[in-house]
Amino acid sequence: MIGFVSTRGNDRASFREAVLSGLASDGGLYVPERIPVWKKGDLKPFQSRPYHELAHFILQPYMKGHIGESDSLSICRDAFDFPVPLVHLYDNLFALELFHGPSLAFKDFGARFLARVMGHFSRKEGMETLVLVATSGDTGSAVAQGFYRVPGIRVAVCYPSGKVSPLQEKQFATLGGNILALEVNGTFDDCQRLVKEAMVYPGLMEKFRVTTANSINVGRLLPQMVYYLYAWLNMPSQEKGLVVSVPSGNFGNLTAGLMAMRSGMPAERFVASTNVNRIFPEYLETGEYRPRASVSTLANAMDVGHPSNVERIMSLFSWNHEGISARIHGFSLNSDREILGAMEQLYRKCGYVADPHGAIGWAGLRPWLELNVNLQGFFLETAHPGKFFNDVARVVPELKMPHVLQESMQKELLSVKVEARLPEVVESILSFQPGRE
Ligand SMILES: *Cc1c(COP(=O)(O)O)cnc(C)c1O
């Protein structure tokens, strides 16, 4: 059995406890106490197998003792039921497209896996789970879509009225089923406060296991290891030196990549690619870590000034700056003009339309492969370009809106309006009847 330990060293937990509690009791983040190491020969058989079989192989050891073989396989089959293409762009450069899930962004991998694991525990233990989320946009849609229709779970998404883009609102407030969207007459801070208060409200805790599907939950991190290994297995060569560029905000994705390396992917180098919120690249250069307020950019899912997973990266390398900077290289595009420029250059070069986040990933990878033809590499394309339609259309006028987004714009909002007061929120949650649609 693999246990989980806090990055701050004062807490241990089983897989079940780590996933259900999210944050460690000492305020740190859970990391696996050991990472099984695979040889090329162990992984090769998965080269021609469906993605979910590799996912089961990699993830089962972490679940052992809590979730059996056949349940693990069906959780993975159900969670990862969409394609994960590794697209060849030119020379030795590839894009790993992680946006083919329902929310059109890579966060589907973590959210869908975590949802099914939580659903498994709910049913096994006979206790329905209530997942509370406060959102100003993107988190709400990944979590709502990830938990949608998972038996044993209901979700309440609190969002500030009039402060979420119409497209994002449609992503989580039109689903119905087990998803309750609460349109709060207040700010995002009100929503966060309400969720915090509701988490410990006795009337809810009696009826449900109340939790949050926090982005720092280790149950979201583990499944993100799999696509790195999958990409490596699908590269033309498993011998050539490999460089992987990860467009980063909270650094969960990069952490998962480093864990994939520990488990057997022979990456020479990771590139931590950021926008102007370049706290981590600065740390790599100077050894000084200076979190600060974030700056808004076109690549807004990466506008993070206090990246929480950096603590995990440091603990993976025993807090050794030299070790970290030997393996990870920092890169940043420091203005929206540079981000648009990268999108345009990539489009001109090979006709590939990247979203603003993926374009930063490409820009961070490109110089490595141009300087050394013996290297090969991929960057993570973390979102569908159509999600950032107006920005991407500035450089690619012929861009089309994806069908799913067009369809969701037509759907009717099912939100319940509430004032920013705890009793109203609780009352709406208790009277909510999950539908079957
Ligand atoms: C969340 C997100 C990122 C950043 O990922 P981290 O794991 O937080 O570093 C990058 N791109 C997109 C589209 C995202 O939604």
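Observations, loosely collected:
- Where Asn250 falls short, out of the listed (1) under 21 Å from the mean Cα position of the chain (by Cα); (2) more than 12 Å from the ligand (Cβ to nearest atom); (3) in a loop (DSSP other than H, G, I, E, B); (4) not small (Gly, Ala, Ser): (2)
- Meets criteria (assigned to a helix (DSSP H, G or I), in contact (Cβ under 8 Å) with a residue 24 or more places away in the chain, away from the ligand (no atom under 16 Å from the Cβ) and closer than 23 Å to Leu242 by Cβ) for Trp362: no
- If you go through the range 76-95 and keep only what is of a type in the set (Phe, Trp, Tyr) and surrounded by fewer than 16 Cβ atoms within 10 Å (Cβ to Cβ), you end up with Phe82, Tyr90.
- Close Cβ contacts (under 6 Å, 6 or more residues apart or on different chains) running from residues in the range 107-131 that are away from the ligand (no atom under 16 Å from the Cβ) to residues that are of a type in the set (D, E, K, R) and in a loop (DSSP other than H, G, I, E, B) comprise Ser122/Glu128.
- Enumeration of residues in the range 275-299 that are touching a residue at least 12 places away in the same chain (Cβ under 8 Å) and touching a Phe, Trp or Tyr at 6+ places or on another chain (Cβ under 9 Å): Arg278, Ile279, Phe280, Pro281, Glu282, Tyr283, Tyr289, Leu298, Ala299
- Pairs with Cβ under 6 Å, 6+ apart, first in the range 137-153 and farther than 13 Å from Ala181 by Cα and within 16 Å of the ligand (Cβ to nearest atom), second modelled with pLDDT of 95 or more and among the basic types (Lys, Arg): Gly146/Arg112
- Count of residues meeting criterion [charged (D, E, K, R), in a loop (DSSP other than H, G, I, E, B) and either within 12 Å of the ligand (Cβ to nearest atom) or surrounded by 16 or more Cβ atoms within 10 Å (Cβ to Cβ) (or both)] in the range 278-333: 2
- Taking the range 192-243 as the range and being within 28 Å of Ala79 (Cα to Cα) and among the polar types (S, T, N, Q) as the test, the residues that pass are Gln192, Thr211, Thr212, Asn214, Ser215, Asn217, Gln224, Asn234, Gln238.
The values are calculated or read from the model by the stated rules, or taken from the named source; none is laboratory data. Bear in mind the structure is a predicted one, so any value in this text is a computation, not a measurement. Virtual Cβ from ideal backbone geometry, glycine too; neighbours counted across all protein chains shown.
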